[in-house]
1. Once phi is turned into θ = phi - 60°, what whole-Hz ³J(HN,Hα) does the Karplus curve with 6.51, -1.76 and 1.60 give for every residue of region 665-680, x standing for Gly and Pro?
2. For residue 237, list the lysines whose Cα falls under 26 Å from its own Cα; do not include residues on the same chain fewer than 8 positions away.
3. Within 10 Å, count the other beta carbons around each residue, average over each peptide in 386-398, 564-576, and list them highest first.
4. For the chain, take the longest principal axis of its alpha carbons; what is the angle in degrees between that and the long axis of helix 772-785, to the nearest 10 within 0 to 90?
5. With the alpha-carbon atoms as the only input, what is the per residue convex hull volume for region 274-369 in Å³?
6. Between residue 692 and residue 432, take the C-beta separation as r, use R0 = 60 Å, and let me know the FRET efficiency to the nearest 0.05.
7. Note down the relative contact order for region 277-380 as a percent, whole number, built from C-alpha pairs under 8 angstrom at least six residues apart.
8. Ignoring everything except DSSP H segments at least 4 long, calculate the 222 nm mean residue ellipticity for the chain; use -39,500 (n - 2.57) per segment, divide by total residues, nearest 500.
Amino acid sequence: MTYSLSDSHGGAFSINSSTGQVYVANHNLLNASTEPEVTIEVTATSADGTSVSQQYTIDVTAETDGSGIGAVTDNNGSSNTVSESAANGTSVGLTAYADPEGIGSWIDNTEVRWHGHGGSHVTGIHANGIPAGATVDFYLGGTLISSVVASGGTVYAHHSNYNQTISNNTDVWATVTYEGQTSNVASGLHYESSWNNYVISKSTSQDSVSYSLTDDYNGAFQINASTGQVTIRDNTKLDYETDPNPTVTVRAVDSQGNVSLKTFGITLTDDYVEVADSYTITEENILTVDASSGLLSNDTGDTNQSIQVATDGSGSNAATVSGATVFMTTLGGKVTVNADGSFTYEAPLLDHTSTETIQDSFYYRLGDGGTWTEVTLNVTDQNVTANDDTDSVGAQGEIYGNVISDSGGTDTASSDAMVTSVLYDGATYFVSGPTTITASLGTLTINPDGSYSFQSSATGSGPFAAELFTYTLGDDDGDTDTAVLTINHDTSMTAVADVVSVNESSLVYGSEYSADLHYRVGNVLDNDLGVTGDAQIDSVVWNATTYTADGNGIITINTDHGDFTMYTEDYGVHRAGEYQFQLISASDSNNESEVFTYNLSNGSESVSSTVTVSIIDDPIISFAGLDTDDTFTGTSVEETIFGGGGDDILDGGLGSDLIVGGSGTDRLTGGDGSDTFKFLQSDVEGTITVNVDSITDFDMGSDILDLSDLLQNESEATLEDYLSFIDNGSGNAVLSISSEGDGNVDQQIVFENLSVSDMTAAYSLDTSGKTDGEISKMLLDTMVLQSQLHIDG
C-alpha cells in the first residue's frame, strides 16, 4: 500500500508514502487566525492499482506566546542550514529558547539588607528586587519576624527605622512567594557581632524550561531537552531533491506547565558534487560505457535525481533522460544516455588532417538546476591498415570479392577509405571508378570501394602462375597503406562451407523487433575455390529432401522456421550462387540450426558443401510452436509465448507475459500479471476465412491488446474502419478486425470473461442512449487513451 495527498492544502502538508504519516511541509501556508481548520485528502493505493480516498480535518493553532512563558525563538544566531548527508548528531544551526517569565527570571537579583546595626540590634531590615504582588517572609536565623506583600520598590520587614534585637551568629534572610512558586532570596547577611558582618548567598528556585519536537520530520531531527539544540537524528530521512526545506515544531514547557510552540524551517544543501568525464574512442567506432564507469560514477553525494543532457555548456537542446535518450553532438556523434548514467557514443568520421585527436563533447547535470558538467570525447584518427587478400578461380571462371572487407584480408580503415591505385607488372593504374586491368591470365575490374571481379582467360589443365595486384588504400585525411591481392588458378574445385546466423530477437514478437537481424544474404561461390566457367549448382538438400531449380534457376525451400532461396544462375540483380534465408518463426529450443547441402559440378567433377544457418535464441521467447496444435503454460517469470500455426492453447502463468497466438484458432490466457496479447499481420495474410481467437481473462485494469503489427495504415481518426466491438449474444464481447480497413473482417477476438457492458463499466462510460457503433467508438478511444489498445508500431 502506498499513500499520497490528493489535496495537500496547497502544499502545506506532505505524507510519507510508506507509513502514511502526515507532516507540515510549509508552515507559512498555515494561518490559525484566518483558517483555524483546514482539510486534506489522503489517497491509499494498493499494488493492483485500486485506490480509496479519505478527507481529514486538521485544527491549526497559533504559534503563541503561552501565558507565563515567552515565545520560542532561535537563540543560535546562525542560519538553519545543513547538508543532506551530514552525520547523525550534526547541529542544524537551531537552538530553541523560551523565556520562563516566572520567578526564575528575577530571583537571582534579590537581596536582604539592613540600614545599620548596633551592639545587639539591627535597623531597617529590607528586601530589594521584589516585584509587586510577591509575599516576602523575613527571618532572623530560623525565626519568622515579618511577612509583607510587596507593592513595588523596597520591601521593609516593618519600617525603615524599626530596631530588631539580634544575637551574634544570626543570618538575616527572606523567602519570596510569587505566582505559586517560593524561593529564597539570592543573598542575605550574617550578623557575627557588632564589628564583623558579611553577605551570605542563598540557593534560589529557578523556573526550568524543557524542549521537545512535536514534529520531528518523520524522525529526521531531535532536540536536546535541556539546551534546545536541534541536531540530525536519522540522515536517511533527508533528501534535498525530494524536499530541500523540511520543518520542525518545537514545544517549550516551563516548570509551571506553561507551553509555547514554534515551527522552524531548515534548509538542506545539496551534497552532490559533479566531476567532469573524459573518454577516448577511434572515429566511426562505438564507445560503450556501463554505469560503473558512466556519467555519475565519479560524482559524489546523492545522485537520485534524473539526468539532463545538453549539447553545450549553455544547456542547448536540453532533454531529461527517460529510458534511452538519443541525441547528436555538435560534431555529429550519436549519444544514447540511460537513466543510470551509462551511455554509448557512436563516433563520427572526422577530418584528422591537422591533428590526431579531435575533441567532441556533450554536457549533463542532475535535476533541472545547477551547472552543466562536460563529458569530453576524444575522437582519434582511424589509421589505414591494408591486409593481403587471396582468391581462387578455375579456368574460364569468374570470381567476385572485395579487397577492403573480405574476411580473408579485412582492412582496417575509416569509411572514407578507398582504393586509389593498383600496381600490376610494373604499371600503376589509378582508380577513380571501375578500372580494368588486363593481366596474363584474365581481366581484373576493381572499384574505389574495393569490390572487384576477375574473369579468367586461362585454358587447359595448368598449372598456372599466380596473378599479383598491389593496391593502395587511402582515406581523406592522408592515411595510406598497401597490400597485395593474389589470384590463384586452382586446377580442381573445392566447395567451402558457409555459416551465417539469424536472430529470433528481430522477429515481430522479439526483443529487438525491426533490427533486421532475422534475414541473411550470401553467395556460396564467393569462398569456393577453383570454380570454373562451366560450373553450376545442381541441387540443394534439406532435411533429407533434394530440391532443384525452377525454370528461372531458383531453388526455394520452406523450412520449419523460415524460407531459404538459392539462385543457381544469374537472375536479374542476383548472381549465381546467391542464397537468402529469412527467419519466420522462433525455434522452441536454444540456438537451433538449419543445414542446407548444395552440389556444384562442371564437366569433369562434382563437389558439395553446406550452408549452415544458426538460429540465435531470444531468451525472452519461452515457447515457440510449429504448425501444429500446441499447449503451453508459462511460469512465474516474464515470458514471450508464440503459438505458431495450428490451434493452440496458451497460458502465460504468473508473470507479465507477451502472448502471440499465431495463425489458427487459438485460446489465450494471460494468468496473473500485466499481460500483452499481440496479433500479427502474418496470422491473416493470404487467408480467405476469418481467424477467430479467444482471450479467457482479459484484465481491464492491466492487460494490453497489441494490434500494431496487424493493422495496416490505421490512425485514431480512421479506427472505426478497422475495429468494431459488439456482443455475440452469449455475453461475450467480440472485437471484429479488418486489418486493411477495407470492410473485410479477417480477424475476430472473443473476450470470454467480458461483455461490452462489462468493458464500458470498467471505464465508467455513460452509454445511455448510445448506438452500438457509438459505444464501440467510445470503448476503442478509451482503450487507446488508457494505453490498453496499441495500434501504432
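1. 9, 10, 10, 10, 10, x, x, 5, x, 9, 9, 10, 9, 10, 10, 10
2. Filter leaves 262.
3. Values: 386-398: 20.9, 564-576: 16.4.
So the peptides 386-398, 564-576, ranked by packing, come out 386-398, 564-576.
4. 70 degrees
5. On the way: hull volume 9.3 nm³, N = 96.
In region 274-369, the Cα hull volume divided by residue count equals 96 Å³.
6. Details: r = 63 Å, r/R0 = 1.04.
Efficiency for this residue pair is about 0.45.
7. Working: 222 pairs, mean separation 38.1, N = 104.
Rounded, it is 37 percent for region 277-380.
8. Numbers: 3 runs with 25 residues, N = 793.
Taken over the chain, the calculation gives -1000 deg cm²/dmol.
Values quoted throughout were computed directly from the atomic coordinates according to the rules given, and no laboratory measurement underlies them. Keep in mind it's a predicted model, so treat the numbers as computed, not measured. Every residue, glycine among them, receives a Cβ derived from its backbone with ideal geometry; neighbour counts consider all protein chains shown.
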